[in-house]
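For reference, the structure is listed below as structure tokens.
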Amino acid sequence: MSTVEIKLSRSNRIYRPSEPLQGKIVIKSSSSIFHYGIHLTVNGSANLQVRGGSAGVVESLYGVIKPIKILKKSQEIRTSGRIGSGTTEYLVTVDIMRGYLHKSLSATVEFIVETDKADLLERPVSPEMVVFYITQDTQRHPLLPELKSGGFKVTGKMSTQCSLLDPITGELTVEASSVPIHSIDIHLLRMESILLGEKIISETSLIQTTQVADGDVCRNMTLPIYVILPRLLTCPTVLAGPFSVEFKVSVVISFRSELSKLHKKSDPTTPRLWLAMETLPLELSVCTRRQQFIV
Amino acid sequence: MEFRPRNYIAEEESHALPRSRADDHPLFAPSTSSNHHKVDVVDHESHDFFDPLRSPAANAVALNKDVEDGESSSTVSSEAAAEVSVKEWTTFKRFLMQKFPVSKMVSVSLMPDVIIKTGKANVKDSTTKHLKELDDPANFAEEDVKVITGQEYVSRLHELKDEIKRAWTAEDRVTSLKLSIKVARLLMDTSVLQFYPTLFVLVAEIMDMLGNLVWERIKQKAEFGEDGSRLCYLSENFKEINICVEAKETCNNWFCKVGSVRELLPRIYLELAILPCWRFLNDRPANSLQRLVLMTRGLADPLASVYCRLYMAHCARKLPSCDTGHLITSINDIKILLTRVLSTKEAAHGKSVDNRRLLVSLMEPTIEYIMKCIFKDASQRQVGTVLMELGLGRNQVELFGSNPCVSVVLHHLLKELPTEIVGSYAVEILHLIEYSNDKSYDQCLNYRLLGFRLCERRPTLDILNAAVDRIIQVVTLLDELDDFLKVVDPYVDIILQNQMDNHLNTILEGISERACKKEIVDNDVVGLQSILMKILSHFKDLEDVFALGHFLEILDVMYGSSRISIDMQILNMATRNGCINDPTTVQLLFEICQALHDGIDFVNSKGDDYQAARLISRFVLMVDYGAEMERHLTFLVECRGAFGSINELKETLVHSSNHLATKALKDGRKHLSFVKSCIAFSEVTIPSISDHIRQLNLYIETSEVALLAGLISHSDGLVDSAISCLQSVDLINGSLTPVDVDGMVTSIQKLCSLLVIVPGNPELGFTHTLKSILSLITSQSWITSKIKIRISCAIVSLSATLSQNKLPYNADLEILSNDLLFYGDSSYVQELLSFSEHVLQNLVEIIEQEPSGAARGSMALEACNCIAASFKINHNIQPVCSKLIETAKSNLSTNDAYLQSTIKVLDKHLPTSGISASTTI
């Protein structure tokens, strides 16, 4: 039994454009094996992935859209030869051709390329907060009659330009509400768009929900907003010709209502009679604190 | 056979020890002579000797020293502090669980999947499916309430804890985290009310466990490389800079994972669980607390919110240094929550008053704990800042402004405030209590607490006066006795110690007014007991207490065990200072005894009641009417009527009446009829005493008194009663203990000594009484052969004594005793002799029949000594003695000291050849 494994030099697998990708190829084998060459290939592409459960426009396009190639680089590390038994380590490499009788040994490792913020987004991360203001009058969808007549007011502010490693911060105050509040949540949304011919196809997915108020909280008490960004589901905001990745953050207030119990499974960002919401664009950039992490 | 003639006066002189005058009384405290001290030192030297009185004291001194050391050194190591906080937390958790025990059933509005397992989960699935079909919202809501036994819930949580631990050890940390999140989620359901504190404790334990596991893992990563080599050693106060990238990365991952939890409550709990891990990422881990405490505001449920804050206070103590900012924010937020809970609008929301009270009581421990944390090691200046931040103080001088405080919060604040602050600001605090009056806590209890705090360390007299004046004004407005007592109780101490007599009167008057207005209940009685007890222990003289206005009135309204305690305390005081002479006091005490007697079931008395019986008896014994002896006897008669069920007391009554009789006799013969009354009283009282030995002794005692008064026929009657009392022992007592038997024999011997001076009755025969006693030997089953010998010997000795020309002692010169009545009467001596011979024969037979050799030997020696002392050893007696000595020799060792000395005695009395010589071969 032979295995091959790539070990990158950094445990967080984050490299910058100017830096070499370093690591080891570890081949473990009980006996010696003959090969026709060892190749290391680096692939970078933008793929449209369809996750189970999502349906609609994107699914129908799945076959149509080819992955957009960003980078492909292959390098032969060793010409044909023999590898002794035991553990052998090579600096950098992978893909071991072993002739038609044997399956090639291969391993894939995902790594992250992070560019300095100056390369991608010129604007610095601003500490400025966006003020929001949610009342019965700011809602474009129909509301419960008692909510419409009694009224409510939730105000707050939030940082909408964030670095990936920093949390979204802000605060929120329930100033008034005629109907008791059931919950206040911060939804993080990702919008991926692809140019297909003349049309722009986009998909929005809810990637994280963070509750900031559970129940009918005291009025005029400031509640903090503190949302840590999920690393595997976020990336810097990208607007790059054929495709774009953008983010939004949405404050959703749900009011106590018998009706809501009937729709437990529904998408929390869909406007409903008992919901009030405010959605703000969110611009994510690479970390500015990286320097202190990688020494 | 012939009795040995005795000259008692000469014998006494020859046997008396030489006497010399002592300079010091041996029991007085030793003067400063060095001798005594030397003895002490020797005691100290011997280490193996355990002195139970001395050694704990020595330990206590050492302990005190420790405590002092701890206090003086301001810098206690953080490790020790952590230990203390762990211990305090454990105690607090136990207190929580005990205060709110798990009720049988817990109804949970949304039964979480983690709690329902296997079979039950299936049931739930099917019902929800069914309900979905029906699609009826009303029904759905109803069915959601599930009931589970509290014990099941608890054991399921313990299982979960094990599961989490197991997953962790199996390197499956994701499962550990997922399960922990589920567990934390359980605390979102506050519908369980009573059960919530227990649930909290169990969940907090699981969170703490997870926190420790994460901490250890990251610490391990920081200290050791992947290959197991040691990278560094983290000291107790390590810095973020010492932590390697890998460890930081892992740590950061944990915070990211925890941060991605959707619901607010489990997210806060989990971050708190791993709060100490912030230390791996930055040097100001306490900063997170400020954010977390604000996040907690998002929990609208008051119960969930305060317990979350409690967990926060607990977790914050795990950080090396921490200011109290977040705790104060917590308390301020809790105040807002409480105000909301208490507002009438919320009450209309369907929360009943009872439910609200329960809610506040469930919230209270969290306030208590957080308050304790705030004031832990707070300096006076810090206290000022805290009070300002809590919205009470205006500045460092005016620590208590005019803003009211939620009363339950105020209560725990008052509990923790340093004594100096309480002392200097007593009046201000009093005002604060006055306008902090809401339904969260009984205002009276806050007044009361202030009183107790003031007792800890007395403030200056002017502050004290002002405070007490104000309290008196406050209490006069209280209508309920219960409230009145609650407030007044601690202030009574202050009033007594500062001689504020007018206030004491006001208080007693206030109590009596309220107590008489309507019937008092158990609670009031306990309050009254506390106050009366304080008054009693303050005054030295009972008369002073009785002189206090309303004291007796208040005593009268009391009942039950509290009344008994007070009565006993009064009697204790009354009987500790010698005789009680004052007739009014006697009358009052008599009434108190009656109340005490009525309150206790003496017939079935056990334990504590014995103490009451003893006190009443002691009181009766201490009463002294002086020259009014008739009055005293009447008093005894009254006592017998009133306390008839106390056995011990009847004995006291007999002693007292006998004492009265002897006292009267000292005055000469003029009180003879009074003496007769006394004796009659005793004679009538004795038979009602259940214990036979006591009866016997009292008969003998009374008989002695009668003889002293020259009342021979009374005396005879009493002796007869004593003997018949002995005869009935068998009928009543099935089994006697060896101690009882011993006492009985001693009493019989005493009776024999009394008979020496009782004049013989020629009509019945001189030996009539002796025969009655002798007959006991055969009739009573409890009399063993050994006792038979002792009684027989006593009778032989008595006969020998009666035969003397001059008796060793006399009752009274006016009574003619046997030596004068029958001087030279040969028939008298003859009767005694023949009776003795008969006894002697029996004696020898009894010894011969004794199966045990050793017993036979010692019995023989006892008999032999008696014979040698009573008879002239002549040819009649000598064979008997020789035979007895032989018996002894064959059964005892020749070295036996008793045997040796007996032989010596015999030798001395033997006129001619020695017994030992004649018997040696």
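I need the full set of residues from segment B:532-544 which are surrounded by fewer than 20 Cβ atoms within 10 Å (Cβ to Cβ) and either in contact with a helix residue (DSSP H, G or I) (Cβ under 9 Å, 6 or more places away or on another chain) or farther than 21 Å from B:I495 by Cα (or both), in order please. Please lay out each step first, then the result.
Pass one, segment B:532-544, residues surrounded by fewer than 20 Cβ atoms within 10 Å (Cβ to Cβ): B:533-534, B:536-541, B:543-544.
Correct list: B:M533, B:K534, B:L536, B:S537, B:H538, B:F539, B:K540, B:D541, B:E543.
Checking B:S677 against (1) more than 43 Å from the chain's Cα centre (by Cα); (2) over 29 Å from B:D598 (Cα atoms), which single condition isn't satisfied?
(2)
I'd like the full set of residues that are away from every other protein chain (no Cβ under 13 Å) and of a type outside the set (D, E, K, R), limited to segment B:307-321.
Once the filter is applied, which keeps residues that are away from every other protein chain (no Cβ under 13 Å) and of a type outside the set (D, E, K, R), segment B:307-321 yields B:Y307, B:L310, B:Y311, B:M312, B:A313, B:H314, B:C315, B:A316, B:L319, B:P320, B:S321.
Looking at segment A:211-254 only, could you name the residues that are crowded, with 17+ Cβ neighbours inside 10 Å, charged (D, E, K, R) and within 13 Å of chain B (Cβ to nearest Cβ)?
A:D214, A:D216
State whether one or more residues within segment B:449-469 are surrounded by fewer than 19 Cβ atoms within 10 Å (Cβ to Cβ), assigned to a helix (DSSP H, G or I) and of a type in the set (F, W, Y).
Yes, there is a match, as at least one residue in segment B:449-469 is surrounded by fewer than 19 Cβ atoms within 10 Å (Cβ to Cβ), assigned to a helix (DSSP H, G or I) and of a type in the set (F, W, Y).
Are any residues in segment A:148-169 within 12 Å of chain B (Cβ to nearest Cβ) and out of contact with any strand residue (DSSP E or B) (no Cβ under 9 Å at 6 or more places or on another chain), and if so, which ones?
Hit for segment A:148-169 is A:L165, nothing else.
Tally the residues that are more than 14 Å from chain B (Cβ to nearest Cβ), loosely packed, with under 15 Cβ neighbours inside 10 Å and under 23 Å from B:E226 (Cβ atoms), restricting the search to segment A:6-36.
Selection size over segment A:6-36: 4.
Residues B:N332, B:N282: which one is without any contact (Cβ under 8 Å) to a residue 60 or more places away in the chain and assigned by TED's automatic domain parsing to the domain that holds B:P404?
Details: B:N282 fails: assigned by TED's automatic domain parsing to the domain that holds B:P404.
The match here is B:N332.
Taking B:R279, is it away from chain A (no Cβ under 12 Å) and crowded, with 22+ Cβ neighbours inside 10 Å? Don't jump to the end; show me each part of the working.
Numbers: away from chain A (no Cβ under 12 Å): yes; crowded, with 22+ Cβ neighbours inside 10 Å: yes.
When the stated conditions are applied, B:R279 passes them.
Out of (1) under 24 Å from B:E591 (Cα atoms); (2) small (G, A, S); (3) in contact (Cβ under 8 Å) with a residue 12 or more places away in the chain, what's the single condition that is false for B:A664?
(1) is the only condition that B:A664 fails.
Name the pairs: first residue in segment A:237-250 and closer than 22 Å to A:Y226 by Cβ, second residue charged (D, E, K, R), Cβ to Cβ under 9 Å, at least 6 apart or on different chains?
Final answer for the pair search is A:T237/A:E246; A:T237/A:E283; A:F247/A:R190; A:F247/A:E283; A:K248/A:R190; A:S250/A:D185; A:S250/A:E278.
Quick grid of which residues meet (1) aliphatic (A, V, I, L, M); (2) in contact with a strand residue (DSSP E or B) (Cβ under 7 Å, 6 or more places away or on another chain); (3) surrounded by fewer than 18 Cβ atoms within 10 Å (Cβ to Cβ); (4) at negative phi:
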residue: B:Y610; (1), (2), (3), (4): no, no, yes, yes
residue: B:L615; (1), (2), (3), (4): yes, no, no, yes
residue: B:S645; (1), (2), (3), (4): no, no, yes, yes
residue: B:L649; (1), (2), (3), (4): yes, no, no, yes
residue: B:C678; (1), (2), (3), (4): no, no, no, yes
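Can we say B:Q594 is surrounded by fewer than 19 Cβ atoms within 10 Å (Cβ to Cβ), assigned to a helix (DSSP H, G or I), at pLDDT 85 or above and out of contact with any helix residue (DSSP H, G or I) (no Cβ under 8 Å at 6 or more places or on another chain)? Walk me through it before giving the result.
Details: surrounded by fewer than 19 Cβ atoms within 10 Å (Cβ to Cβ): yes; assigned to a helix (DSSP H, G or I): yes; at pLDDT 85 or above: yes; out of contact with any helix residue (DSSP H, G or I) (no Cβ under 8 Å at 6 or more places or on another chain): no.
It is false that B:Q594 is surrounded by fewer than 19 Cβ atoms within 10 Å (Cβ to Cβ), assigned to a helix (DSSP H, G or I), at pLDDT 85 or above and out of contact with any helix residue (DSSP H, G or I) (no Cβ under 8 Å at 6 or more places or on another chain).
What pairs can you find where one residue is in segment B:1-20 and over 26 Å from B:E831 (Cα atoms), the other is among the aromatic types (F, W, Y), and their Cβ atoms are less than 7 Å apart, with a gap of 6+ or different chains?
Taking only residues 6 or more apart or on different chains, not a single pair turns up.
Starting from residues that are out of contact with any Lys or Arg (no Cβ under 8 Å at 6 or more places or on another chain), more than 10 Å from every other protein chain (Cβ to nearest Cβ) and not in a helix (DSSP H, G or I), keep the ones in segment B:283-301 and report whichever is nearest to B:R340 (Cα to Cα).
B:A286
Taking the residues in segment B:187-211 that are within 14 Å of chain A (Cβ to nearest Cβ) and part of a helix (DSSP H, G or I) as candidates, determine which candidate is farthest from A:A213 (Cα to Cα). Working first, answer last.
Of the residues in segment B:187-211, the ones within 14 Å of chain A (Cβ to nearest Cβ) are B:187-191.
Cutting the leftovers down to part of a helix (DSSP H, G or I) gives us B:187-188.
Numbers: B:L187: 15, B:M188: 12 Å.
Of everything passing the filter in segment B:187-211, B:L187 is farthest from A:A213 (Cα to Cα).
Within segment B:242-267, count every residue that is part of a helix (DSSP H, G or I) and at the interface with chain A (Cβ under 10 Å from one of its Cβ atoms). Spell out the reasoning first.
If we filter segment B:242-267 for residues that are part of a helix (DSSP H, G or I), which is where we start, we get B:242, B:245-259, B:264-267.
From what is left, the residues that are at the interface with chain A (Cβ under 10 Å from one of its Cβ atoms) are B:245-246, B:248-250, B:252-253, B:255-259, B:264-267.
Adding up the residues that qualify gives 16.
Only one of (1) away from every other protein chain (no Cβ under 14 Å); (2) surrounded by fewer than 20 Cβ atoms within 10 Å (Cβ to Cβ); (3) assigned to a strand (DSSP E or B) fails for A:L206. Which number is that?
Unmet for A:L206, out of (1) away from every other protein chain (no Cβ under 14 Å); (2) surrounded by fewer than 20 Cβ atoms within 10 Å (Cβ to Cβ); (3) assigned to a strand (DSSP E or B): (1).
Out of B:E837, B:E845, I need the residue that is part of a helix (DSSP H, G or I), in contact (Cβ under 8 Å) with a residue 12 or more places away in the chain and surrounded by fewer than 21 Cβ atoms within 10 Å (Cβ to Cβ). Which one? Walk me through how you get there before you give the answer.
Numbers: B:E845 fails: in contact (Cβ under 8 Å) with a residue 12 or more places away in the chain.
Residue meeting the stated conditions: B:E837.
Restricting to segment A:170-180, name every residue that is out of contact with any Gly (no Cβ under 7 Å at 6 or more places or on another chain) and within 9 Å of chain B (Cβ to nearest Cβ).
A:P180
If you scan segment B:533-570, which residues turn out to be of a type in the set (S, T, N, Q) and touching a Leu at 6+ places or on another chain (Cβ under 8 Å)?
First, the residues of segment B:533-570 that are of a type in the set (S, T, N, Q): B:537, B:561-562, B:565, B:569.
Selection gives B:S562, B:Q569.
Against the condition part of a helix (DSSP H, G or I) and at pLDDT below 90, how does B:D489 come out, does it pass?
Details: part of a helix (DSSP H, G or I): yes; at pLDDT below 90: no.
So B:D489 does not fit the description; no.
The values are calculated or read from the model by the stated rules, or taken from the named source; none is laboratory data. Remember, predicted model here, so these are calculated numbers, not experimental data. In this analysis, Cβ positions are derived from the backbone assuming ideal geometry, glycine residues included, and neighbour counts consider all displayed protein chains.
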